[in-house]
There are 2 protein chains.
Amino acid sequence: MDNSATTPVDRRVVEAMMPYLTEKFGNPSSVHFYGQEARAAVDRARREVAALINARPNEIVLLSGGTEANNDTVLITVMLANNEIGTVQPIAEIGTLVRELRAGGRKYLWLHTDGVQALGRMPVNVETLGCDLLSMSAHKLHAPQGVGALYVRRSVRLAPQNIGGHQERERRGGTEAVSMIVAFGTAAALAREELDARIAHMRALRARFEAGVTERISDVIFNGDTERRLPHISNVSFRFIEGEGLLINLDMQGVAVSTGSACSSGSLEPSPVIRALGRGDELARGSIRFSIGKDTTDEDIDYVLEVLPRAVENLRRLSPLYQQAIAERACTAV
Amino acid sequence: MDNSATTPVDRRVVEAMMPYLTEKFGNPSSVHFYGQEARAAVDRARREVAALINARPNEIVLLSGGTEANNDTVLITVMLANNEIGTVQPIAEIGTLVRELRAGGRKYLWLHTDGVQALGRMPVNVETLGCDLLSMSAHKLHAPQGVGALYVRRSVRLAPQNIGGHQERERRGGTEAVSMIVAFGTAAALAREELDARIAHMRALRARFEAGVTERISDVIFNGDTERRLPHISNVSFRFIEGEGLLINLDMQGVAVSTGSACSSGSLEPSPVIRALGRGDELARGSIRFSIGKDTTDEDIDYVLEVLPRAVENLRRLSPLYQQAIAERACTAV
């Protein structure tokens, strides 16, 4: 239940990358046969990644992941979809505004969006969004960790962050991670092909999950917009408990979840995202992100619905605040 | 014969990384079991990489490769061993000088060295070298492309280039490329274990190669220091021909070589490295880098020694300069 942190690598993706980990080991910059074979593989993958977001292949800069892709100094940057609660931001509207400002003379105003959580979970079309830059990460798309890409609209000129060889049309020096790039390309092709089915599957599982939680656990609040939300994330605030305690309890029973983004785990600060929703520190501390993947099953959800209410109940039994609330409610009822 | 551009991935390395491409897919920043399993794997690999260069694990920053590792603004940077001709630079002497200057009050003077070509081909010990930063790339060490590391001496503070999560002790944001890092760690352990044997093997094969070339081909010059040279590189200038033509000719017969570094291939400029040796443009244009790997065999060398003299002879037959030289020599003899 932590597919937002990373996703299992698809078996088909591993199969596609294996030749590039064994006999096909060329450096794409080499002129000879081995080099050209690697170059062709990188170019095929680039086309698949471009097709996934309706971009041109030469607008794709392949790099080490979403974080590297986000490290471009740009003027306006908005997450396409939030990684904690899944809310989809109105990028297209901002895109229209940016284009208007640009037409009005602000030539170097660019819109960047972090598409890492959204990719493979909603249609992402750079023309519809009107963004100039878009960050992508393969490991949220059932490919391995360590590869990603930045979409750079053809009108945008970026100073490279990695200076070295002439790779990626001077936009990112360094020998290409061929096997990883092949994996990313395969994952992109699969995501495009299966997108509608994956969305329907994740949405149905999440509905089953949220209905079950509502039915079996009191004092819960679902965070994030109910409509404009990625289909795989359910962020729940459980009153009277600490999210960290619940996470550990669930982990011991084989259920992996997250309190905030994986990037900020280890931090004990309550999630700024949940606080920004006006929930207050207590609810922010008691929030858990459940994130479903394309390979999650009905049985997985049912197991969580069996384990979760018991874990919440056990933790609440230890909470003085909960005991007090129960007592107060009993008095009010009397 | 192009092991300087990249090396075949070791079968044992692929075996070590496979679990991290299949069932062990956690994000090392996640608190739960899957995350901690990935974290432990990254830490094991970090220890192996540190051991290879006699550093401490917390002095190793894992990143996407040698180029990213080189992108650190530093004051003094010298290649540990040149990637075109294999000459080993006197880093230890420069290190002593830098330390003296630092003791004299220049507190922020740091020595960086690019160890990408040297690693696994000579002993690399950061204490003996006295360097403060050292770049490493896994794909020159029989691990896949797309992973590397920067050694950062504990007294050095660097501003991170990738800003995002808190990974790599705030020195490099971004989800760790777990499977790749595991591969790198395994390759580092194997390189440490087998270093002496690999060096002896490559040196013997190179001697066989150079003796064969000297015997069978006239008008050749070996570039680079004969003593202080990496054991796997033989850079040869063939008079009267263009390196590019020879490369293509050899490629058609299944022999992969390089005219300069893979990073600058495609460029038609004669190698600045060979020119700096005082060889002149003609010899620089006619130079080829042959680079041997741990898996190269006697038979491979013999095949090259069979194919190469014929290729050189065919190209020279088409060269007016060569015809003229032959004629002149004939006259002198008369």
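The values are calculated or read from the model by the stated rules, or taken from the named source; none is laboratory data. Keep in mind the model is a prediction, meaning the values are calculated, not measured. Please note: Cβ atoms are built from the backbone with ideal geometry, for glycine as well, and neighbour counts cover all protein chains shown.
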Looking at segment A:1-26, which of the residues that are small (Gly, Ala, Ser) and within 8 Å of chain B (Cβ to nearest Cβ) is farthest from B:LEU246 (Cα to Cα)?
-> A:ALA5
Segment A:27-50, residues that are facing chain B (nearest Cβ under 7 Å) and part of a loop (DSSP other than H, G, I, E, B) | A:ASN27, A:SER29, A:SER30, A:VAL31, A:HIS32
In segment B:117-138, what count of residues is obtained for those that are farther than 13 Å from B:LEU63 by Cβ and within 14 Å of chain A (Cβ to nearest Cβ)?
-> 1
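When you go through A:VAL31, A:VAL49, A:VAL42, A:VAL9 one by one, which is the residue that is of a type in the set (Val, Ile, Thr), more than 27 Å from the chain's Cα centre (by Cα) and buried (at least 19 other Cβ atoms within 10 Å of the Cβ)?
On the way: A:VAL49 fails: more than 27 Å from the chain's Cα centre (by Cα); A:VAL42 fails: more than 27 Å from the chain's Cα centre (by Cα); A:VAL9 fails: more than 27 Å from the chain's Cα centre (by Cα).
That would be A:VAL31, the only listed residue that is of a type in the set (Val, Ile, Thr), more than 27 Å from the chain's Cα centre (by Cα) and buried (at least 19 other Cβ atoms within 10 Å of the Cβ).
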Members of segment B:32-48 found to be among the basic types (Lys, Arg) and within 23 Å of A:ASP2 (Cβ to Cβ), listed by number = B:ARG39, B:ARG44
What's the number of the condition A:GLU215 fails, among (1) part of a helix (DSSP H, G or I); (2) under 24 Å from the mean Cα position of the chain (by Cα); (3) free of Cβ contacts under 8 Å to residues at least 24 places away in the same chain; (4) over 14 Å from A:ASP295 (Cα atoms)?
-> (2)
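Tell me which residues, restricted to segment B:15-26, are surrounded by 20 or more Cβ atoms within 10 Å (Cβ to Cβ) and either part of a helix (DSSP H, G or I) or at pLDDT 75 or above (or both). So that I can check it myself, show each step before the final result.
If we filter segment B:15-26 for residues that are surrounded by 20 or more Cβ atoms within 10 Å (Cβ to Cβ), which is where we start, we get B:16-17, B:20-21, B:25-26.
Result: B:ALA16, B:MET17, B:TYR20, B:LEU21, B:GLY26.
Among the helices (runs of 4 or more DSSP H) confined wholly to segment A:241-299, which include 2 or more residues that are modelled with pLDDT of 75 or more and within 11 Å of another protein chain (Cβ to nearest Cβ)? Before the answer, list the steps.
Working: elements: A:243-252, A:272-276, A:280-285.
The qualifying helices (runs of 4 or more DSSP H) are A:243-252.
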